[in-house]
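Below: the structure, in structure tokens.
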Amino acid sequence: MEPLKVKEIMKKEMSQVKTTKIEPACMRYGVGKNTMRKIAEDAGAVVRIGKSYLINVSKVDKYMDALSGE
């Protein structure tokens with residue numbers, strides 16, 4: 001069996017996560033921090049708990065699917 005690549009492992013782990021911080025979200029979608037913040041706000045996916053800024057990835061996924069027409 002061929003060892004899994006780092007991106008495949010991260011993708012598998014990220015598929016089980018409901019919310020994430022900005023850096024992993026940027027890696028998941030391949031965009032910068034400012035663009036990710038804009039996308040998250042447009043998707044209504046920003047979760048703020050105290051000073052913590054989290055992104056609901058399932059909402060962003062739905063938003064991206066709607067943009068792409070799926």
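Side notes on the structure shown:
- Couplings 3J(HN,Hα) for the stretch 27-38, derived from phi with the Karplus relation 6.51 cos²θ - 1.76 cosθ + 1.60 (θ = phi - 60°), are 5, 4, 9, x, 10, x, 4, 5, 5, 5, 4, 5 Hz, where x marks Gly and Pro.
- Label-point gap, in nm, between residue 31 and residue 49 - each point 7 angstrom along Cα→Cβ: 2.4 nm
Only the coordinates and a few stated rules stand behind these numbers; no lab work does. The shown structure was predicted, so the numbers you read here are calculated from the model rather than taken from an experiment. Cβ: placed from backbone, ideal geometry, glycine included. Neighbour counts: every protein chain shown.
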